[in-house]
Amino acid sequence: MKNVIAMDGPAASGKTTIGRMLAERLGYLFLDTGFMYRAVTLAALQRGVDVVDETAVTHLSTTIEIGARPPAAEEQDGRFYTALLDNQDITWAIRAPEVDANVSQVASYPGVRAEMVRQQRTFAAKGHCVMVGRDIGTVVLPNAPLKLYITASAEERARRRWHDRHQQGHAASYEAILADVVRRDKIDSSREHSPLRPADDAIIIDTTGRLPQEILEEILNMR
Ligand code: DC
(Lines give C-alpha, C1' and ligand atoms only; values in the text may rest on other atoms or scores of the structure.)
Protein backbone atom coordinates (compact mmCIF):
# COMPACT_ATOMS: atom_id res chain seq x y z
CA MET A 1 0.00 0.00 0.00
CA LYS A 2 1.86 3.03 -1.26
CA ASN A 3 1.41 6.71 -0.52
CA VAL A 4 -1.22 6.23 2.12
CA ILE A 5 -1.11 7.84 5.56
CA ALA A 6 -3.29 6.41 8.33
CA MET A 7 -4.21 8.78 11.15
CA ASP A 8 -6.17 7.82 14.23
CA GLY A 9 -6.97 9.40 17.56
CA PRO A 10 -9.78 10.44 19.88
CA ALA A 11 -12.35 13.17 19.20
CA ALA A 12 -10.97 16.71 18.81
CA SER A 13 -7.35 15.57 19.12
CA GLY A 14 -6.43 17.71 16.11
CA LYS A 15 -6.17 14.78 13.70
CA THR A 16 -8.61 16.24 11.19
CA THR A 17 -6.93 19.66 11.12
CA ILE A 18 -3.47 18.15 10.82
CA GLY A 19 -4.60 15.47 8.36
CA ARG A 20 -6.16 18.07 6.11
CA MET A 21 -3.04 20.25 6.18
CA LEU A 22 -0.88 17.23 5.47
CA ALA A 23 -3.03 16.18 2.51
CA GLU A 24 -2.96 19.69 1.09
CA ARG A 25 0.81 19.96 1.45
CA LEU A 26 1.41 16.58 -0.21
CA GLY A 27 -1.32 16.96 -2.84
CA TYR A 28 -3.10 13.89 -1.47
CA LEU A 29 -6.82 13.21 -1.14
CA PHE A 30 -8.21 13.47 2.35
CA LEU A 31 -10.90 11.29 3.90
CA ASP A 32 -12.31 11.93 7.36
CA THR A 33 -14.02 8.59 7.99
CA GLY A 34 -15.93 9.87 11.05
CA PHE A 35 -18.31 11.64 8.70
CA MET A 36 -19.47 8.28 7.36
CA TYR A 37 -20.51 7.01 10.81
CA ARG A 38 -22.18 10.36 11.38
CA ALA A 39 -24.08 10.01 8.09
CA VAL A 40 -25.44 6.59 9.11
CA THR A 41 -26.46 8.05 12.49
CA LEU A 42 -28.20 10.99 10.86
CA ALA A 43 -30.01 8.67 8.43
CA ALA A 44 -31.32 6.61 11.38
CA LEU A 45 -32.45 9.74 13.25
CA GLN A 46 -34.13 11.23 10.18
CA ARG A 47 -35.93 8.02 9.24
CA GLY A 48 -37.10 7.09 12.70
CA VAL A 49 -34.85 4.01 12.93
CA ASP A 50 -34.08 3.38 16.61
CA VAL A 51 -30.28 3.73 17.04
CA VAL A 52 -30.25 0.87 19.56
CA ASP A 53 -31.81 -1.48 16.98
CA GLU A 54 -28.58 -3.00 15.65
CA THR A 55 -30.23 -5.07 12.91
CA ALA A 56 -32.21 -2.12 11.55
CA VAL A 57 -29.26 0.31 11.67
CA THR A 58 -26.96 -2.23 10.02
CA HIS A 59 -29.47 -2.82 7.24
CA LEU A 60 -29.90 0.93 6.82
CA SER A 61 -26.12 1.39 6.42
CA THR A 62 -26.12 -0.88 3.37
CA THR A 63 -29.04 0.86 1.66
CA ILE A 64 -27.94 4.50 1.84
CA GLU A 65 -25.46 6.26 -0.38
CA ILE A 66 -22.81 8.27 1.45
CA GLY A 67 -20.57 10.61 -0.49
CA ALA A 68 -18.39 13.68 -0.32
CA ARG A 69 -17.30 16.23 -2.90
CA PRO A 70 -15.58 19.63 -2.94
CA PRO A 71 -17.98 22.49 -2.04
CA ALA A 72 -19.77 24.14 -4.99
CA ALA A 73 -19.40 27.91 -5.53
CA GLU A 74 -22.68 28.65 -3.69
CA GLU A 75 -21.70 26.44 -0.77
CA GLN A 76 -18.71 28.43 0.47
CA ASP A 77 -19.78 28.72 4.11
CA GLY A 78 -16.64 27.56 5.87
CA ARG A 79 -17.03 23.90 4.98
CA PHE A 80 -14.05 21.92 3.69
CA TYR A 81 -16.18 19.46 1.76
CA THR A 82 -19.84 18.78 1.11
CA ALA A 83 -21.09 15.60 2.74
CA LEU A 84 -23.92 13.82 0.98
CA LEU A 85 -26.55 11.34 2.07
CA ASP A 86 -28.52 10.06 -0.91
CA ASN A 87 -27.47 13.24 -2.70
CA GLN A 88 -28.78 15.55 0.05
CA ASP A 89 -26.35 18.03 1.60
CA ILE A 90 -25.76 16.88 5.22
CA THR A 91 -22.52 18.80 5.86
CA TRP A 92 -23.78 20.70 8.90
CA ALA A 93 -26.53 18.31 9.97
CA ILE A 94 -23.96 15.61 10.84
CA ARG A 95 -22.27 18.01 13.31
CA ALA A 96 -25.46 18.51 15.37
CA PRO A 97 -25.37 17.57 19.08
CA GLU A 98 -28.00 14.87 18.48
CA VAL A 99 -25.64 13.10 16.09
CA ASP A 100 -22.74 13.51 18.55
CA ALA A 101 -24.88 11.89 21.23
CA ASN A 102 -25.73 8.80 19.15
CA VAL A 103 -22.79 8.21 16.79
CA SER A 104 -20.69 6.07 19.16
CA GLN A 105 -23.58 3.64 19.50
CA VAL A 106 -23.95 3.35 15.72
CA ALA A 107 -20.18 3.01 15.23
CA SER A 108 -20.11 0.09 17.68
CA TYR A 109 -22.08 -2.18 15.32
CA PRO A 110 -19.80 -4.62 13.43
CA GLY A 111 -22.12 -4.77 10.42
CA VAL A 112 -22.08 -1.00 10.06
CA ARG A 113 -18.29 -0.99 10.42
CA ALA A 114 -17.86 -3.72 7.79
CA GLU A 115 -19.79 -1.65 5.27
CA MET A 116 -17.88 1.57 6.06
CA VAL A 117 -14.49 -0.21 5.97
CA ARG A 118 -15.34 -1.68 2.56
CA GLN A 119 -16.03 1.81 1.18
CA GLN A 120 -12.92 3.26 2.85
CA ARG A 121 -10.64 0.61 1.33
CA THR A 122 -12.07 1.33 -2.11
CA PHE A 123 -11.18 4.99 -1.58
CA ALA A 124 -7.63 4.18 -0.41
CA ALA A 125 -6.97 1.79 -3.28
CA LYS A 126 -6.40 4.80 -5.54
CA GLY A 127 -3.40 5.76 -3.34
CA HIS A 128 -2.13 9.23 -2.45
CA CYS A 129 -4.49 9.75 0.45
CA VAL A 130 -4.58 10.70 4.08
CA MET A 131 -7.29 8.80 5.92
CA VAL A 132 -8.39 9.85 9.38
CA GLY A 133 -10.45 7.91 11.90
CA ARG A 134 -10.24 5.54 14.87
CA ASP A 135 -9.27 2.20 13.30
CA ILE A 136 -7.46 3.20 10.12
CA GLY A 137 -4.01 1.95 11.19
CA THR A 138 -5.36 -1.09 13.03
CA VAL A 139 -8.14 -2.39 10.77
CA VAL A 140 -8.85 -0.42 7.59
CA LEU A 141 -5.29 -0.01 6.27
CA PRO A 142 -3.01 -2.23 8.40
CA ASN A 143 -0.32 -2.08 5.70
CA ALA A 144 -0.16 1.71 5.52
CA PRO A 145 3.53 2.73 5.47
CA LEU A 146 2.96 5.65 7.84
CA LYS A 147 0.60 5.45 10.81
CA LEU A 148 0.08 8.31 13.18
CA TYR A 149 -1.89 8.35 16.42
CA ILE A 150 -2.83 11.91 17.34
CA THR A 151 -3.93 12.60 20.89
CA ALA A 152 -4.38 15.45 23.41
CA SER A 153 -5.69 15.80 26.95
CA ALA A 154 -9.49 15.50 27.39
CA GLU A 155 -9.63 19.11 28.71
CA GLU A 156 -7.84 20.50 25.69
CA ARG A 157 -10.02 18.49 23.34
CA ALA A 158 -13.19 19.74 25.09
CA ARG A 159 -11.94 23.34 24.79
CA ARG A 160 -11.42 22.89 21.05
CA ARG A 161 -14.87 21.32 20.61
CA TRP A 162 -16.44 24.15 22.64
CA HIS A 163 -14.79 26.66 20.33
CA ASP A 164 -16.04 24.83 17.18
CA ARG A 165 -19.57 24.55 18.59
CA HIS A 166 -19.74 28.25 19.37
CA GLN A 167 -18.47 29.15 15.91
CA GLN A 168 -21.26 27.00 14.46
CA GLY A 169 -23.81 28.83 16.63
CA HIS A 170 -24.53 26.04 19.13
CA ALA A 171 -24.57 27.17 22.76
CA ALA A 172 -23.16 24.29 24.79
CA SER A 173 -21.36 24.50 28.12
CA TYR A 174 -17.72 23.47 28.42
CA GLU A 175 -18.65 21.03 31.20
CA ALA A 176 -21.27 19.29 29.03
CA ILE A 177 -18.81 19.01 26.14
CA LEU A 178 -16.05 17.65 28.38
CA ALA A 179 -18.47 15.04 29.75
CA ASP A 180 -19.43 14.04 26.19
CA VAL A 181 -15.78 13.83 25.08
CA VAL A 182 -14.96 11.56 28.02
CA ARG A 183 -18.07 9.46 27.47
CA ARG A 184 -17.36 8.99 23.76
CA ASP A 185 -13.69 8.14 24.37
CA LYS A 186 -14.81 5.45 26.74
CA ILE A 187 -17.29 3.91 24.29
CA ASP A 188 -14.87 4.21 21.34
CA SER A 189 -11.92 2.63 23.17
CA SER A 190 -13.78 -0.08 25.04
CA ARG A 191 -16.01 -1.34 22.24
CA GLU A 192 -15.53 -4.94 21.21
CA HIS A 193 -15.07 -4.33 17.49
CA SER A 194 -12.21 -2.16 16.22
CA PRO A 195 -11.68 -0.19 19.45
CA LEU A 196 -9.79 3.09 19.34
CA ARG A 197 -6.14 2.30 20.00
CA PRO A 198 -2.79 3.04 18.37
CA ALA A 199 -1.52 0.38 15.96
CA ASP A 200 1.62 -1.32 17.29
CA ASP A 201 3.67 0.48 14.64
CA ALA A 202 1.95 3.88 14.98
CA ILE A 203 3.86 7.01 15.95
CA ILE A 204 2.09 8.73 18.84
CA ILE A 205 1.86 12.52 18.79
CA ASP A 206 0.42 14.50 21.70
CA THR A 207 -0.90 17.85 20.41
CA THR A 208 -1.71 19.37 23.82
CA GLY A 209 -0.47 22.97 23.82
CA ARG A 210 1.08 22.66 20.37
CA LEU A 211 0.28 24.39 17.11
CA PRO A 212 -0.89 22.37 14.08
CA GLN A 213 1.82 23.92 11.91
CA GLU A 214 4.56 22.69 14.22
CA ILE A 215 3.14 19.16 14.19
CA LEU A 216 2.77 19.24 10.43
CA GLU A 217 6.49 19.98 10.04
CA GLU A 218 7.32 17.18 12.47
CA ILE A 219 5.31 14.71 10.38
CA LEU A 220 6.78 15.90 7.08
CA ASN A 221 10.24 15.33 8.53
CA MET A 222 9.36 11.70 9.31
CA ARG A 223 8.80 10.80 5.70
O1 DC B 1 -14.17 11.80 14.32
P2 DC B 1 -15.66 11.99 14.58
O3 DC B 1 -15.95 12.64 15.90
O4 DC B 1 -16.37 12.65 13.46
O5 DC B 1 -16.22 10.49 14.67
C6 DC B 1 -17.57 10.23 14.92
C7 DC B 1 -17.73 8.88 15.59
O8 DC B 1 -17.45 7.82 14.67
C9 DC B 1 -16.86 8.65 16.82
O10 DC B 1 -17.69 8.42 17.95
C11 DC B 1 -16.07 7.42 16.53
C12 DC B 1 -16.62 6.86 15.26
N13 DC B 1 -15.58 6.50 14.30
C14 DC B 1 -15.17 5.19 14.27
O15 DC B 1 -15.62 4.40 15.08
N16 DC B 1 -14.25 4.79 13.36
C17 DC B 1 -13.74 5.66 12.49
N18 DC B 1 -12.85 5.23 11.59
C19 DC B 1 -14.12 7.02 12.52
C20 DC B 1 -15.05 7.42 13.45
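The values are calculated or read from the model by the stated rules, or taken from the named source; none is laboratory data. Since we're looking at a predicted model, the values are computed, not measured. Glycine gets a Cβ as well: all are built from the backbone with ideal geometry, and neighbour counts include every protein chain shown.
Does the stretch 130-145 hold any residues that are more than 11 Å from the ligand (Cβ to nearest atom) and either in contact with a helix residue (DSSP H, G or I) (Cβ under 7 Å, 6 or more places away or on another chain) or acidic (Asp, Glu) (or both), and which are they?
Correct list: Val130, Ala144.
Determine, yes or no, whether Thr41 is assigned to a loop (DSSP other than H, G, I, E, B) and hydroxyl-bearing (Ser, Thr, Tyr). Give the derivation first.
Numbers: assigned to a loop (DSSP other than H, G, I, E, B): no; hydroxyl-bearing (Ser, Thr, Tyr): yes.
So Thr41 fails the test.
Tally up the residues in the stretch 68-82 that are within 14 Å of the chain's Cα centre (by Cα) and either free of Cβ contacts under 8 Å to residues at least 24 places away in the same chain or assigned to a loop (DSSP other than H, G, I, E, B) (or both), please.
Here the count works out to 2.
Which of the following residues is within 13 Å of the ligand (Cβ to nearest atom) and either free of Cβ contacts under 8 Å to residues at least 40 places away in the same chain or among the hydrophobic types (A, V, I, L, M, F, W, C) (or both): Val4, Val52, Val99? Full working, then the answer.
On the way: Val4 fails: within 13 Å of the ligand (Cβ to nearest atom); Val52 fails: within 13 Å of the ligand (Cβ to nearest atom).
Sole residue among the options that is within 13 Å of the ligand (Cβ to nearest atom) and either free of Cβ contacts under 8 Å to residues at least 40 places away in the same chain or among the hydrophobic types (A, V, I, L, M, F, W, C) (or both): Val99.
Pick from the stretch 102-129 the residues that are touching a Phe, Trp or Tyr at 6+ places or on another chain (Cβ under 6 Å) and not in a helix (DSSP H, G or I): which of them is farthest from the ligand (Cβ to nearest atom)?
Ranking the qualifying residues of the stretch 102-129, first place goes to His128.
Does any residue of the stretch 157-178 turn out to be surrounded by 21 or more Cβ atoms within 10 Å (Cβ to Cβ) and either more than 23 Å from Arg95 (Cα to Cα) or within 12 Å of the ligand (Cβ to nearest atom) (or both)?
Scanning the stretch 157-178, I find at least one residue that is surrounded by 21 or more Cβ atoms within 10 Å (Cβ to Cβ) and either more than 23 Å from Arg95 (Cα to Cα) or within 12 Å of the ligand (Cβ to nearest atom) (or both), so the answer is yes.
For the stretch 106-132, what are the residues that are small (Gly, Ala, Ser) and over 24 Å from Asp53 (Cα atoms)?
Ala124, Ala125, Gly127
Does Glu24 fit the bill of being surrounded by fewer than 21 Cβ atoms within 10 Å (Cβ to Cβ), under 27 Å from Lys2 (Cα atoms) and either acidic (Asp, Glu) or more than 13 Å from the ligand (Cβ to nearest atom) (or both)?
yes
For the subset of the stretch 179-197 comprising residues that are assigned to a loop (DSSP other than H, G, I, E, B) and more than 10 Å from the ligand (Cβ to nearest atom), which member is surrounded by the most Cβ atoms within 10 Å (Cβ to Cβ)?
Ranking the qualifying residues of the stretch 179-197, first place goes to Arg197.
Of the numbered conditions (1) under 17 Å from Gly137 (Cα atoms); (2) within 16 Å of the ligand (Cβ to nearest atom), Ile205 satisfies every one except a single condition; which is it?
Only one criterion is unmet by Ile205, namely (2).
Determine which single condition Lys2 fails, assuming it passes every other condition in (1) at pLDDT 95 or above; (2) in a loop (DSSP other than H, G, I, E, B).
Of everything listed in (1) at pLDDT 95 or above; (2) in a loop (DSSP other than H, G, I, E, B), Lys2 misses just condition (1).
So which of Arg191, Arg184 ends up being farther than 22 Å from Ile18 by Cα and touching a residue at least 60 places away in the same chain (Cβ under 8 Å)?
Exactly one of Arg191, Arg184 is farther than 22 Å from Ile18 by Cα and touching a residue at least 60 places away in the same chain (Cβ under 8 Å), namely Arg191.
Please state which of the following conditions Val112 fails to meet, knowing it meets all the rest: (1) modelled with pLDDT of 95 or more; (2) within 14 Å of the chain's Cα centre (by Cα).
The failed condition is (2).
Restricting to the stretch 27-49, name every residue that is more than 16 Å from the ligand (Cβ to nearest atom) and out of contact with any Cys (no Cβ under 8 Å at 6 or more places or on another chain).
Hits for the stretch 27-49 are Gly27, Gln46, Arg47, Gly48, Val49.
If I filter the stretch 31-38 for residues that are hydroxyl-bearing (Ser, Thr, Tyr), surrounded by 16 or more Cβ atoms within 10 Å (Cβ to Cβ) and within 25 Å of Arg210 (Cα to Cα), do I get at least one hit? Can you show your working first?
Residues of the stretch 31-38 that are hydroxyl-bearing (Ser, Thr, Tyr), as a first pass: 33, 37.
This time we only want the ones that are surrounded by 16 or more Cβ atoms within 10 Å (Cβ to Cβ), so: 33, 37.
Next cut, within 25 Å of Arg210 (Cα to Cα) only: 33.
Yes - at least one qualifying residue is present in the stretch 31-38.
Taking into account only those residues within the stretch 132-181 that are in contact with a Lys or Arg (Cβ under 6 Å, 6 or more places away or on another chain) and modelled with pLDDT under 95, which is farthest from Asp8 (Cα to Cα)?
Of the residues in the stretch 132-181, the ones in contact with a Lys or Arg (Cβ under 6 Å, 6 or more places away or on another chain) are 132, 137, 150, 172, 177, 181.
Filter again for modelled with pLDDT under 95, leaving 172, 177, 181.
Details: Ala172: 26, Ile177: 21, Val181: 16 Å.
Only one residue fits best here, namely Ala172.
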